[in-house]
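The values are calculated or read from the model by the stated rules, or taken from the named source; none is laboratory data. These numbers were taken from a predicted model, which means no experiment stands behind them. Glycine also receives a Cβ, built like all others from the backbone with ideal geometry; neighbour counts cover every protein chain displayed.
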Amino acid sequence: MKKITLGGGCFWCTEAVFQRLKGVQHVESGYMGGHVLNPTYKDICTGASGHAEIIQITYDPEVISLEQLFEIFWTSHDPTSLNRQGADKGTQYRSVIFYADENEKSIAEKSIKDVANQLFSDPIVTELAPLTTYYPGEKYHQNYYNGQSSKPYCHVVITPKVGKLKKSFAHLMKEEYL
């Protein structure tokens, strides 16, 4: 198994998308990229901690490649919007890829050039940064959409993202989500 850490705005949204993919064993919402030790959600929401809402994806590269994960990442959020996703504003919602090594960084750079730049006419503002200390989000943030899909935010914001995944990447989705 391998791990990749991505920030694409609200972690509830990205978690819901990536949980549905074949080869993805686990997705955990958390925080990375800031300067406050052991941040809480309250710290993150101020934007002052410097952390991004991220997901850490554990996946089987024999089933789904990092390139495929990046392609889904580009289509599941707006990588041209600086520090904003939809109505969510602030550095905690920035588009970011935290890479573990030069190989992951190289694959990310190639994906920006070959995939993201083809999907979007505006410049890609996704930050590429080395992994820093990972802090898991509070328990109530984990698996959020699967337990709260009837809540208004989930219905209005996350359900369309899951629908887009189903429309464009059904061949990569786990059977139970089709």
- Message: Quick check on my filter: what residues within segment 63-82 are under 21 Å from residue 132 (Cβ atoms) and within 14 Å of the chain's Cα centre (by Cα)?
- Response: 66, 69, 70, 73, 77, 79
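Please determine, by comparing only the residues of segment 28-56 that are among the hydroxyl-bearing types (Ser, Thr, Tyr), over 22 Å from residue 152 (Cα atoms) and at pLDDT 95 or above, which one is nearest to the chain's Cα centre (by Cα).
Here is the first cut: in segment 28-56, the residues among the hydroxyl-bearing types (Ser, Thr, Tyr) are 29, 31, 40-41, 46, 49.
If we keep only those that are over 22 Å from residue 152 (Cα atoms) as well, we get 31, 40, 46, 49.
Subset that is at pLDDT 95 or above: 31, 40, 49.
On the way: 31: 11, 40: 19, 49: 19 Å.
In this case the residue turns out to be 31.
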- Message: Anything in segment 114-145 that is without any contact (Cβ under 8 Å) to a residue 24 or more places away in the chain and not in a helix (DSSP H, G or I)? List them, or say none.
- Response: 121
- Message: List pairs: first residue in segment 1-18 and farther than 15 Å from residue 90 by Cβ and among the aromatic types (Phe, Trp, Tyr), second residue at pLDDT 95 or above and in a strand (DSSP E or B) anywhere in the structure, Cβ distance under 6 angstrom, at least six positions apart or on different chains.
- Response: 18/24; 18/27; 18/57
- Any hit, segment 57-75, residues being within 20 Å of residue 13 (Cβ to Cβ) and without any contact (Cβ under 8 Å) to a residue 40 or more places away in the chain: no
- Query: If you scan segment 5-27, which residues turn out to be under 10 Å from the mean Cα position of the chain (by Cα) and either surrounded by fewer than 23 Cβ atoms within 10 Å (Cβ to Cβ) or of a type in the set (Phe, Trp, Tyr) (or both)?
  - Reply: 11, 12, 18, 27
- Query: Exactly one of (1) modelled with pLDDT of 95 or more; (2) assigned to a helix (DSSP H, G or I); (3) surrounded by fewer than 12 Cβ atoms within 10 Å (Cβ to Cβ); (4) of a type in the set (Gly, Ala, Ser) is unmet by residue 111. Its number?
  - Reply: (3)
- Single unsatisfied condition, residue 35 versus (1) free of Cβ contacts under 8 Å to residues at least 60 places away in the same chain; (2) in contact with a Cys (Cβ under 8 Å, 6 or more places away or on another chain): (2)
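Could you tell me whether segment 29-49 includes any residue that is under 22 Å from residue 164 (Cα atoms) and hydrophobic (A, V, I, L, M, F, W, C)? Don't jump to the end; show me each part of the working.
If we filter segment 29-49 for residues that are under 22 Å from residue 164 (Cα atoms), which is where we start, we get 29.
Pick out the ones that are also hydrophobic (A, V, I, L, M, F, W, C) and you get none.
No: zero hits.
Of all the residues that make up segment 1-28, how many are among the acidic types (Asp, Glu) and over 23 Å from residue 125 (Cβ atoms)?
So the count comes out to 1.
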- Message: Can you tell me how many residues within segment 114-147 are buried (at least 17 other Cβ atoms within 10 Å of the Cβ), closer than 17 Å to residue 3 by Cα and in contact with a helix residue (DSSP H, G or I) (Cβ under 7 Å, 6 or more places away or on another chain)?
- Response: 1
